[in-house]
Every structure is written in C-alpha cells, then in structure tokens.
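All remarks here apply to the structure that follows.
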Amino acid sequence: MYEEPILSVRNLKKQFGPGCHQCNQEHDKGLEKNYCPNCGTVYACQDISFDLFPGEILGIVGESGSGKSTLMQCLYFDADATSGEAYIHDAALDGQNVFSLSSQKKRYIRNHKYGMVYQNPVHGLKMNFSSIGNIAEKLIAAGNRNVSEMEGVGKTLLENVHIPLFRMKEAPKNFSGGMQQRVQIAKALSNNPPILFLDEVTTGLDLSVQANVLDLIKRIQRELGISMVVVSHDLAVIRMLADRTIVMLNGEIIEEGLTDQILEDPQHAYTQQLVYSLL
Amino acid sequence: MKTNTHFAFFDEGSKKEIRRAILKAVAIPGYQVPFASREMPIARGWGTGGLQITLSIIGKQDVLKVIDQGADESVNAVSIKKLVQATTGVKLTERTQESSIIQSRHRIPEVALTEGQILVLQVPMPEPLRPYEAKEYQTKILHSEEDYSGAWLMLFEQIMKYGQTATGADHPVYVNNRYVMAPSPIPRFDNPKMHQSEALILLGAGREKKIYAVPPYTDVASLAFDDYPFAVESFEGKHCHLCGATNVFMDELIDHSTGETIYQCNDTSYCMERLNANVEAEVEENHV
Ligand SMILES: Nc1ncnc2c1ncn2[C@@H]1O[C@H](COP(=O)(O)OP(=O)(O)OP(=O)(O)O)[C@@H](O)[C@H]1O
Ligand SMILES: [Mg+2]
Ligand SMILES: [Zn+2]
Ligand SMILES: [Zn+2]
C-alpha cells in the first residue's frame, strides 16, 4: 500500500525526574502506572516506536496521563526527548536523527516540515495579535518578507476554515473556542507542512462545533494529502479520522493496527474495555 | 549630608564595572549586556541608564552636551548637566560639533557626528521583542538563535492595522547583520544616522539594567518588508519658520496669530546656530 514512511519514530523515551536504582533497571522497573513510587520519577513515554506514512491519518488514543501530549511535544521539539530517534524522510534530512540536530535545524523543521495544533489554543496562538498576523507569524518564521503575499495566503486559509474575512484583523482572544481551533489549524497549514500534529483539537468544544472541526480536518487530508498524527482520548474522534491507530497506556504502546480492526477485534484487555465503553 | 567626593559621582570600582559592560557591548554590536544599574540621585526612567554610561566614561577634558527631545534647555537635560558638572567640573556646550560626549533622549543631533565623538542614548525599553514575548528568558533565546519573527510580526500587525508601519519612534534595526536592536525612541528620521556612524553610539537602560552599543562604522538597517520599504517622516515642502532649514526633523506648531500650521527645527541648538549665522551674514552685508 505505502512505500516509505514520511516520519519514523524509534524508541522514544521521555522521563520527568532522574530515576533511581530501582526504576533505572531495563526491566521490572516496579512502576505504579508510569510513576516510580520510590523516587517519584514519571516515565511519560517508554520506548515509543511507530511510522507515519504519506497522506495517512494516524490516531493515538489513550486515557488521560498516558503520555500522548508528551509524545507530541517531543516530536515538535517543545520538549527534549530523554532518548530515542526520529527520522523525517526528506531529501535534506534523510538518515539524520532529528532529535540530535542543532536548535536552528529543529526550528527549520518546525517552520517548514511540521504544523502543530495544540490542545489549548493559548499554546498555538498569540491571543493578542490579529488572526491574520498569527498566520503571518508562521510564514515570517519560514522566511517570507512580503506583506501582500502573506496577507493573500492568510485570507485563503481563513476562508478555508470558515473564519469570515471581516474578522481577520481581530485577535483570537475575542473568538469562541471552535473559532480559535480553526485559526490554529489555518496557521498550522500556512506553509504547506507535509506533517501535521493535532493534539485533542476538539476537546472542550460543543458537539456541533466538534463535528465542524472534524469535517475540516477530514477535508484538509483529502484535499492536501497531508500526513497527520491525531491525538485524542476519545475513541469516537479516532474512529472518525484515523486510518491506523496506536493505543497508549502508561506511556507505552499496547496495541496498534488499522482503526477498523482495533475497533472490531481489540486484543489488549485495556483496549477491549475502551472499545466496549464506546459501543 | 556628606557631599560625594568621587570624580563623576561613582567610585572607581563602579565605573570599571560599567565600563566592562560597555566594552562587551562594543564587542558585540547590538547585543544587550546586563549591568548592575545603580541608584542615582535622579529617578529611574529619567535617563539613569544614559547618565551611568556618561559618568563612567567621562574625563576631565571632555566637553558635554545634553539634550532632551532635541532641546538643550529642558528641565531634564539641565538637571543631568548640573549633576555631571558638579561632580566632574567638565565644560558644557550646546554646540554639537564642540562636544566630545552627547547624552540624548529621543534624538540624534542634526549636525553629523564625527570620529571621536560618543553619543549616549537614554533607553526606556531596550528589548525590541518585549511586546511579542514577555519573558526575558525567552527573548534571550530568540536573540541567541537569531529568531526575529516577533519583530517582523509586530511590523506586520501595524501594516494590517494602519496600512503602513506606524512606528512613531523606536523602529527596530538590524545591527551588523546579527542582532535586532531597539534604537531608543528616536524618530525614524534619525535611524539612518546610525548606519555607518563615525561616532560611537552607546545606549543605556537604567530601569531595565542593560547597555548596548553601535560601534563606529557599523551597518545598521531598519527592518522593512519587501513591499513596504522603510521610510522616514517626510518634511517635504516644509521649512523651519525660524531659520528656514529644510530636510531636518521638525516639530509642528500652530501659529496662534494666523491659526496656520508652522514648522520648527526640533534640534534647538542647530536652529539657534543657523539663526546666529543668518544674523552675522546680515550684519556683514549691511557693513559692506
Ligand atoms: N512537566 C512535567 N513534569 C512532570 N510530569 C509531567 C510533566 N508533564 C507531564 N507529566 C506527566 O507525564 C504523564 C503524561 O502526561 P501527558 O500530558 O503526556 O498525558 P496525556 O496523555 O496527554 O493526557 P491528557 O489526555 O490528559 O491530555 C502524566 O503522568 C503527567 O503527569
Ligand atoms: Mg494531552
Ligand atoms: Zn525511581
Ligand atoms: Zn530652525
């Protein structure tokens, strides 16, 4: 079906805390969930490996605290991974573990290869700057110095996510939650990134607004063919969007496969519980 | 009260420390060097940053000029002059070309500065990225990574709002192709004077505890988008109603007898000098 993954993640680990003689072991760390009762270290992501293929939507589902956002933050370089590798299959970056690149190169990847839509719009938007300015920010970061060009791109994107143009000079702080998420999506798309991360984009939105945002994401994938990692604790969202799905628990991947398969025939007891509660 | 007996107010240790910050600032054009800003007998926000620089570099042979928004006789300028003179005994002047140190707030004089002169600018807000990023820790990272999206974004926002870059003053500049710097609230009109300036320019922010510099003959470019070129305030077709000067930065006034808008040199000593020259020329003419 697919040839080569566009993004490969290998053995990604992220811990909060130094660890101790007990939890530093390779096996039998003696953790309670993701937490060492002896020293308090949190193992938020443990040995995460997966591939993202061109044009697909990969879902990541798991309960609160399972490490989904931490994983996204590591991939987007908002946080440093404790160890592990990630490879972007791109002429300029092939074969290089992007975690070990200089901060300049990481910034280049963020500005040219990645888009990110945060769970909380406060992290993705400058709430006091205009909506069009928020989109321009990403274009400026990617090196654009032409106002009319950026204004043009921004207007097209805002129309695309159904923000009325007469409000484009307004600051997102005046907008509803759903509108803020749509501005975030427009911003994330501004420099045509091949890879888009979406972290709980519909959490906290009204059901009708949720449907609206989910439709938008579907449409973007269809029209632009962007590869996406969609994170949610809500299996319904994953069912609607994702071609393949990863199930996380306590910082680990416990199950992965085609979304339909996971929903029809979950293997892991935890996934079974998750799926049955959805039905 | 015991009077301060140190030359130039500060003890030698304090002066040395400030000079070290200045040297570092000169070595890294446009980079903001933190320094231990001292308590001064004038309130912070009234030029204490500039004053501390002046006091730590001034010597007995220096000739000092102090201006506030172009005026040598403003209350602020006068109180700074008084303090420096009382503690150093240096000669004061209003003539730009006679001075070796010029401390200024909000202006660069009209008379071109020359080699050997030092311009000390008072700075209220040294961080050009501050309105974009509130945290000092973050702006330091942005500078170190030369990530100036925020500075450009602020200009973009002004264009969206006003149809043009609306920086009345303090329009950000790229220094030596590396650091984006706040030139202090000088009008855009004065920005080009920083480019390849023959004089050393030192900038001091007392409240924010920062010193930075533009060494002589350094490239200074005002930020501008490709399709919105940088432009200075235009006084085309205007002239000073006192001395007739054109191509200088002028204040707009209302002539109360006629109700008309008239213009006047903002740089008072420049204007005065031209007026005196005009008078001399007239006198000479009458004597011929
Ligand atoms: N800065 C931090 N310091 C210590 N622990 C942290 C930190 N950030 C996250 N954690 C812990 O890491 C674990 C994973 O958190 P994360 O936010 O990634 O979960 P999540 O799957 O995104 O949850 P949610 O569905 O609530 O968004 C949690 O146990 C959390 O408490
Ligand atoms: Mg989360
Ligand atoms: Zn431990
Ligand atoms: Zn004049």
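The values are calculated or read from the model by the stated rules, or taken from the named source; none is laboratory data. Computed from a predicted structure; not experimentally measured. When we count neighbours, we look across all protein chains shown, and the Cβ atoms used for this are built from the backbone with ideal geometry, even at glycine. Just the protein is used for accessible areas: all its heavy atoms, side chains included, with ligands, DNA and RNA removed. Shrake-Rupley method; radii C 1.70, N 1.55, O 1.52, S 1.80 Å.
Could you order B:161, A:155, A:169 so the one with the most accessible surface comes first? Probe is 1.4 Å. Could the numbers behind the result be given before it?
Working: B:161 135, A:155 70, A:169 105 Å².
Ranking B:161, A:155, A:169 by accessible area, largest first, yields B:161, A:169, A:155.
Taking only protein heavy atoms and a 1.4 Å probe, what accessible area per residue, in Å², does the protein assembly as shown have with all protein chains in place?
Working: 25910 Å² over 567 residues.
Accessible area per residue: 46 Å².
If one takes the longest principal axis of the Cα atoms in chain A, at what angle in degrees, from 0 to 90 and to the nearest 10, does the Cα axis of helix A:177-189 lie?
Between helix and principal axis, roughly 90 degrees.
With a 4.7 Å Cβ cut-off, tell me which Cys residues in chain A come up empty for a partner.
Lone cysteines by the Cβ rule: A:45, A:74.
Once the Cβ-Cβ distance between residue A:85 and residue A:112 is put in as r, and R0 is 30 Å, what FRET efficiency do you end up with, to the nearest 0.05?
For R0 = 30 Å, the calculated efficiency reads 0.90.
Projecting each Cα onto the charge dipole of chain A (Lys/Arg +1, Asp/Glu -1 at the beta carbon, about the Cα centre), which of A:127, A:9, A:103 comes out farthest on the positive side?
With unit charges placed on the Cβ atoms, the residue in question is A:127.
Please list, ordered by chain and number, the residues whose modelled amide H lies under 5 Å from the amide H of residue B:180; skip anything fewer than 5 residues away on the same chain.
Amide H neighbours of residue B:180, under 5 Å, 5+ apart: B:175.
Kindly give the semi-axes, whole Å and largest first, of the ellipsoid equivalent to the range B:7-46, taking each as the square root of 5 times a Cα gyration tensor eigenvalue. Mind showing how you got there, number by number?
Numbers: eigenvalues 84, 40, 10 Å².
Equivalent ellipsoid of the range B:7-46: 20, 14, 7 Å, largest first.
Find how much the distance from residue B:283 to residue B:227 grows on full extension, using 0.36 nm per residue of separation minus their present alpha carbon separation; answer in nm with one decimal. Walk me through the numbers on the way to the answer.
On the way: separation 56, 0.36 × 56 = 20.16 nm, distance 5.13 nm.
Working it through step by step, the gained length comes to 15.0 nm.
Tell me the Kirkwood hydrodynamic radius of chain A in angstroms, computed as one over the mean inverse distance between distinct C-alpha pairs. Intermediate results must be reported in sequence, preceding the final value.
Numbers: mean 1/r = 0.0510 Å⁻¹.
Taking every pair of different Cα atoms in chain A, averaging 1/r and inverting gives 19.6 Å.
Above 46 angstrom, tally the Cα pairs of the protein assembly as shown and express them as a % of all pairs, no decimals. Write out the running numbers ahead of the final one.
Details: 54622 of 160461 pairs.
Roughly 34 percent, rounded to a whole number.
Give, in whole angstrom and from largest to smallest, the semi-axes √(5λ) of the equivalent ellipsoid of the range B:72-214, with λ running over the eigenvalues of the Cα gyration tensor. It would help to have the intermediate numbers written out before the result.
On the way: eigenvalues 178, 55, 44 Å².
The equivalent ellipsoid of the range B:72-214 has semi-axes of 30, 17, 15 Å.
Would you mind checking the tilt of helix A:207-224 against the longest principal axis of the Cα atoms of chain A, expressed as 0 to 90 degrees and rounded to 10?
80 degrees
Within 10 Å of each Cβ of B:141-149, how many other protein chain Cβ atoms are there on average?
Details: counts 1, 0, 0, 1, 5, 2, 5, 2, 10.
Per-residue shielding by partner chains comes out at 3.
Give, rounded to the nearest 20 debye, the magnitude of the charge dipole that chain B has about its Cα centre when Lys and Arg contribute +1 at Cβ and Asp and Glu contribute -1 at Cβ.
Values: 28 positive and 38 negative charges, 337 e Å.
For this selection, approximately 1620 debye.
Can you list the lysines whose alpha carbon sits under 20 Å from that of residue B:161, skipping same-chain ones fewer than 8 residues off?
Straight-line reach from residue B:161, under 20 Å: A:126, A:138, A:155, A:169, A:173, A:187.
How big is Rg to Rh over the range A:176-252, alpha-carbon atoms, Rh as the Kirkwood inverse-mean-distance radius? Write out the running numbers ahead of the final one.
Working: Rg = 12.4 Å, Rh = 13.1 Å.
Ratio of gyration radius to Kirkwood radius: 0.95.
At q = 0.07 Å⁻¹, what log₁₀ I(q)/I(0) does chain B have when each alpha carbon counts as one equal point scatterer in the Debye sum?
Result of the Debye calculation: -0.28.
Given the -39500 (n - 2.57) contribution per DSSP H run of 4+ residues, what per-residue ellipticity at 222 nm results for chain A, rounded to the nearest 500 deg cm²/dmol?
Working: 10 runs with 101 residues, N = 279.
About -10500 deg cm²/dmol.
Distances longer than 15 Å among the Cα atoms of the range B:216-283: what percent of all pairs is that? Intermediate results must be reported in sequence, preceding the final value.
Working: 1481 of 2278 pairs.
Of the Cα pairs, 65 percent sit more than 15 Å apart.
Check the straight Cα-Cα distances from residue B:60 and name the lysines below 19 Å, setting aside those fewer than 8 residues away within the same chain.
Filter leaves B:15, B:16, B:81, B:82, B:91.
Between residue B:207 and residue B:111, what FRET efficiency comes out of the Förster formula 1/(1 + (r/R0)^6) with R0 = 30 Å and r the beta carbon distance, rounded to 0.05? Before the final figure, lay out each step's value.
On the way: r = 30 Å, r/R0 = 1.00.
Step by step, r from the Cβ atoms, then E = 0.50.
What figure, in Å² to the nearest 10, do you get for the accessible area of residue A:90 with a 1.4 Å probe and non-protein molecules left out?
40 Å²
Expressed as an acute angle from 0 to 90° and rounded to the nearest 10, what is the orientation of the C-alpha long axis of helix A:147-160 relative to the principal long axis of chain A?
In chain A, helix A:147-160 runs at an angle near 70 degrees to the longest axis.
Helix by helix through chain B, keep the DSSP H runs that span 15 Å or more along the axis on Cα and average at least -1.0 on Kyte-Doolittle, and give those back in order.
Values: long enough: B:12-27 (22 Å, -0.41); B:75-88 (20 Å, 0.54); B:149-162 (19 Å, 0.44); B:268-287 (28 Å, -0.92).
The answer, listed by residue number, is B:12-27, B:75-88, B:149-162, B:268-287.
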